[in-house]
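Let me begin by presenting the structure, written as structure tokens, before commenting on it.
No value in this document is a laboratory result; all are computed from the given coordinates. In this text the structure is predicted, and so the values were computed from the model without any measurement. Counting neighbours? That spans all protein chains shown, and the Cβs are built from the backbone with ideal geometry, glycine included.
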Amino acid sequence: MHPLRPLLAIARGDAPASLVLQNVRLVNVFTGQVQPPADLALCQDRVAGLGSGYEAQQTIDLAGAYVCPGFIDAHVHIESSLCTPAQFAAAVLPRGVTTVIADPHELANVAGLEAVQWMAAAAKALPLRVVLMGPSCVPATPMATAGAALDADALRALYRNGTIHGLAEVMNYPGVIRGHDDMLAKLDALRGQPIDGHSPGATGRDLDAYTAAGVGSDHECVTPDEARDRLERGLYLLIREATNARNLDALLPVVTPANARRICFCTDDRTPGDLLHTGSIDHMVRRAIVAGLDPLDAIRMATLNPAEWFGLRDIGAIGPGRVADLLVFDDLQAPTPRMVFAKGQLVAQGGKLIEHATPESETNLSSPRGRCTVDAQNTDLAIPALGDTIRVIGHLPDQLLTESLTLTAKIENGYAVADPARDLLKIAVFERHHNTGNLGLGFIRGFGLNRGAIAGTVAHDHHNLVAIGADDISIRTAAAAIAKDGGGLAVTDGEHILARLPLPIGGLMSDQPVHAVADAYADAVHHAKALGSPLADPFMAMSFMALEVIPALKLTDLGLVDVERFEQVDLFV
């Protein structure tokens with residue numbers, strides 16, 4: 001029998017619906033209106049129709065509750081939850097997020113093609129729809145050592161076999177603007193499909209060139225002017241509210257009735273505790289409404305808009321033939337999920353996941369394992385003083401951007417050393433993938449440790465082992481502990497390990513339940529704060545201090561990178 005026949009029979013009224021939700025107030029994202037109470041009929045995973053008089057195998061009376069489409073996260077790295085796709089789904093489904101546009105470039109920078117294929121297989125059986133985009137920058141640039149590489153041919157093959165839907169954020173924006181061959185080849189490989197952007201600080205002719213290359217969106221805006229520049233050039237604006245990059249409040253004033261249909265919400269990188277206790281896209285929708293945005297516009301920015309940008313024509317709205325991803329809530333001014341349906345099945349109720357709603361689909365899969373070939377105890381961390389003045393990374397709270405500072409070095413016995421009294425800490429990046437022995441050393445301000453060190457193998461995008469500390473012994477201890485675990489996070493004070501979180505999957509993800517990961521992560525953050533860090537999340541902040549595609553100054557295993565000049569620079573001025 002043709003698969004459409006049951007759906008058409010229910011739509012015509014000739015057969016009973018598999019489920020009828022009675023007395024719903026439909027939030028119609030097509031018209032921007034809330035419709036009068038009616039019944040919503042489903043045929044398994046699809047919407048059959050809206051009206052009255054349906055016969056049904058099962059009915060649920062919602063007594064006038066609102067129903068809107070399931071939320072869509074327009075750009076996220078599942079790996080940043082430190083959890084497997086199934087555990088990530090367990091965190092976001094109760095929040096009403098039924099689809100995520102996921103870029104697996106974190107794990108891909110560790111394990112390449114194997115990582116992308118594993119992510120696709122691990123997400124396949126989940127009620128959460130995971131739309132994978134092809135990692136465009138593996139590695140991100142030649143100025144760091146990643147664990148793997150994906151070229152244009154690999155991306156083309158992934159698209160042809162249905163693994164990826166488009167090209168994920170094109171992070172090497174200077175390479176695109178300058179017309180580097182490898183970047184143009186990757187753009188050509190996915191030409192005609194959605195191509196996500198990443199162009200922090202690009203303006204004027206540079207932004208024109210980047211857009212002309214075929215990029216269709218950007219989530220790196222931090223100012224209203226940047227956002228307007230991109231909207232004027234036809235880019236979709238993805239407003240981000242991540243754990244460590246909070247741009248929602250700054251960018252909401254940009255939204256108007258005239259441009260709201262070109263704007264989406266995304267979370268990019270959120271820790272497990274943030275997902276469980278604060279929320280995901282649902283949190284952004286509520287915050288936007290509180291800030292004065294029309295609830296229908298806020299909901300469209302989380303549903304229809306991203307569905308249209310990514311060409312996902314069967315989700316993002318409630319209408320005949322569309323997938324029955326549904327969110328039931330009681331207050332239009334504060335949409336908090338009471339019930340969540342994914343593909344027509346109830347998966348969450350009262351903020352809790354229905355038991356067995358997310359099977360551990362990756363249980364029988366061989367997950368990519370992280371290599372951590374770092375001999376920390378025998379690594380020389382000393383920095384001979386080659387002058388009195390040094391370049392210092394200046395961390396900015398709640399931003400991925402950094403300052404490029406020029407400060408006087410503290411010199412002892414001919415070596416430049418950390419100076420916690422001035423919040424001048426040492427930062428080290430150990431190459432961990434290929435046993436090269438590469439080591440980047442520098443200094444950083446803004447982490448506030450009075451003593452000890454923090455370290456981790458979550459270090460966008462190459463994911464080498466990065467450590468920040470007040471003394472070399474603490475840094476060595478932390479790096480050695482992580483190497484022993486095959487990747488993870490650690491907090492140390494001298495030779496004492498205060499907290500650790502093993503991340504055996506690629507050095508990025510745990511194989512434990514999301515609540516257990518959240519608790520272990522919170523313990524590590526607690527100990528980092530006890531050492532003096534004032535940051536809300538020093539580990540998330542640290543993970544971006546080695547990312548050489550976000551201005552202004554960063555450190556990789558190959559040394560300091562002036563991102564604005566897109567070249568390596570010396571530590572000593």
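Taking each DSSP H run with n ≥ 4 as -39500 (n - 2.57) and averaging over every residue of the chain yields -7000 deg cm²/dmol at 222 nm.
Applying 1/(1 + (r/R0)^6) with r as the Cβ-Cβ distance of Thr406 and Ser52 and R0 = 60 angstrom yields a FRET efficiency of 0.25.
For the cross-link pairs Lys186/Lys554; Lys426/Lys554; Lys410/Lys484, the ones whose C-alpha atoms lie over 21 Å apart are Lys186/Lys554; Lys410/Lys484.
With an 8 Å cut-off on Cα pairs and a minimum separation of 6 or more residues, tell me the relative contact order of the chain in percent. Averaging sequence separation for qualifying contacts and normalising by length gives 15 percent for the chain. Potential lengthening of the chain between His434 and Leu184 amounts to 87.2 nm, from the contour at 0.36 nm per residue minus the alpha-carbon distance. Taking θ as phi - 60° and the Karplus parameters 6.51, -1.76 and 1.60, the scalar couplings of the stretch 336-350 work out to 10, x, 9, 9, 10, 10, 10, 6, x, 10, 5, 10, 8, 8, x Hz in sequence order, x denoting glycine and proline.
Take the alpha-carbon centre of the stretch 382-425, take the same for the stretch 439-481, and report the distance between them in whole Å. First find each Cα centre; the distance between them is then 14 Å. Summing Cβ point charges (Lys, Arg +1; Asp, Glu -1) relative to the Cα centre of the chain gives a dipole of roughly 1140 debye. For the stretch 113-267, the percent of C-alpha pairs falling in each 5 Å distance bin, counted from 0 to the bin holding the largest distance, reads 2, 9, 18, 19, 19, 17, 11, 5, 1, 0. Between Asn413 and Asp151, the distance separating the two model label sites (each 7 Å from Cα on the Cα→Cβ line) works out to 4.9 nm. Spin-label model, Ile473/Thr336: points 7 Å from Cα along the beta carbon direction are separated by 5.0 nm.
Of the labelled options (1) 1.61; (2) 1.00; (3) 1.04, which one gives Rg/Rh (Cα atoms, Kirkwood Rh) as computed for this structure? This structure yields the entry labelled (2). The phi-based Karplus calculation (6.51 cos²θ - 1.76 cosθ + 1.60; θ = phi - 60°) puts the 3J(HN,Hα) values of the stretch 308-322 at 6, 4, 8, x, 9, 7, 9, 10, x, 7, 10, x, x, x, 7 Hz, whole numbers, x for Gly and Pro. Taking the Kirkwood radius as Rh and the Cα radius of gyration as Rg, the stretch 117-167 has a ratio of Rg/Rh equal to 1.03.
Give, as ranges by residue number, the residues of the stretch 490-532 whose backbone N falls under 12 Å from the point 7 Å along Cα→Cβ of Arg451. Backbone N within reach: 493-496, 531-532.
Can you tell me how the stretch 458-526 classifies by the Cα gyration tensor, rounded, prolate or oblate, using a/c under 1.5 as the rounded cut? It comes out oblate by the Cα gyration axes. Between the helical axis of 472-485 and the longest alpha-carbon principal axis of the chain there is an angle of about 40 degrees.
Here the stretch 263-344 is treated with +1 on each Lys and Arg Cβ and -1 on each Asp and Glu Cβ, and its dipole about the Cα centre works out to around 160 debye. Once the Cβ-Cβ distance of Asp208 and Asn161 is raised to the sixth power relative to R0 = 35 Å, the FRET efficiency obtained is 0.50.
An ellipsoid equivalent to the stretch 380-483, defined through the eigenvalues of its Cα gyration tensor, has semi-axes of 21, 17, 13 Å when rounded to whole angstrom and sorted largest first.
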